[in-house]
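Here is the structure we will look at, set down as structure tokens.
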Amino acid sequence: MAMFGFIGVGNMGYPLFKAAVNTFGSGEVVYTDASPARNQFVKDDTGVDFAEDNIAVVKQCKYLVLAVKPQFFSPVLEQVKEYVTGEHVVISIAAGVTIRFLKESISESVRIVRAMPNTPALVNKGMTGISFSKDTFSDGEHTVIDRFFRSFGKYEVFDEKLMNAVICANGSSPAYVYMFIEALADSVVSYGIPREKAYTLAAQTVLGAAAMVLETGEHPGKLKDNVCSPGGTTIAAVKALEEYGLRNAVMKATDACYGKAVSLSEEK
């Protein structure tokens, strides 16, 4: 029996799958995807063969990772629920799919880890928020879960009521960061910097600034102030960002993201 089974190895499931293979070994991971072409791609890329179907995955694993889109959850759960036992730990990574919905769809006795990873998991720099169902997990299970989520980045544990906000902070926000990098690069291309070098300048700066926040423990406002010399170029740029509403735009984006996450939860 394998340790991990993946139903779905798409844009989000695949980075987690690869991290599990690298951390636990190819013999400890099974998978299947609704797309035959995707199954073949993953097999060709990793050398790990795919399972026959969803039921085969459930029968062969202990930690079942549900990496399908929210709209496909109900038919998948209906298909596999009679094969999920109290020995399984179900890890769901879908936005808006609650622990209550999973228990009602499978069994009250099933143990659930609701997770919201993000796409930087592909380069082992992911950030994941997780919530545990109010069930008993053994020390050994906690150790495996810890190793799994650390295998593709960092994670924090939250009360489930905060998971919609977690989606805003890490699940959707890489898109905003990519937009910022693209806009910053475009702005200096207009002054003559070659595009590829502009992307490198912008992306490495974002990476370094994020590392400063994480590694120094300084408040982001303090780190910002450290760059803003009196009468200098940075404070002039910061003034323009404030004038044109950078903070407000980010907060409005969060409100929109949160509202959509709530509506997805209510649809279940």
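The values are calculated or read from the model by the stated rules, or taken from the named source; none is laboratory data. Values in this document were obtained by computation on a predicted structure and should not be read as measured data. Positions of Cβ are generated from backbone atoms using ideal geometry, with glycine treated the same way; all protein chains shown enter the neighbour counts.
Scoring S109 on the criteria (1) in contact (Cβ under 8 Å) with a residue 40 or more places away in the chain; (2) in a loop (DSSP other than H, G, I, E, B); (3) among the hydroxyl-bearing types (S, T, Y) leaves a single failure, condition (1).
As a summary of the residue check, Y14 satisfies the conditions (1) over 22 Å from G129 (Cβ atoms); (2) of a type in the set (S, T, Y); (3) not in a loop (DSSP other than H, G, I, E, B) except for the one numbered (1). Yes or no: A94 free of Cβ contacts under 8 Å to residues at least 60 places away in the same chain, crowded, with 19+ Cβ neighbours inside 10 Å and touching a helix residue (DSSP H, G or I) at 6+ places or on another chain (Cβ under 6 Å)? Judged against the criteria, A94 is a match. Is it the case, given these coordinates, that V48 is touching a helix residue (DSSP H, G or I) at 6+ places or on another chain (Cβ under 9 Å), part of a loop (DSSP other than H, G, I, E, B) and assigned by TED's automatic domain parsing to the domain that holds Y155? Criteria met by V48.
Residues are listed down the side, and each one gets a yes or a no for (1) in contact with a Phe, Trp or Tyr (Cβ under 6 Å, 6 or more places away or on another chain); (2) among the hydrophobic types (A, V, I, L, M, F, W, C); (3) outside any helix (DSSP H, G or I); (4) over 24 Å from K252 (Cα atoms):
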residue: P120; (1), (2), (3), (4): no, no, no, no
residue: D135; (1), (2), (3), (4): no, no, yes, yes
residue: H142; (1), (2), (3), (4): no, no, no, yes
residue: F148; (1), (2), (3), (4): no, yes, no, yes
residue: M163; (1), (2), (3), (4): no, yes, no, no
residue: N170; (1), (2), (3), (4): no, no, no, no
residue: V177; (1), (2), (3), (4): no, yes, no, no
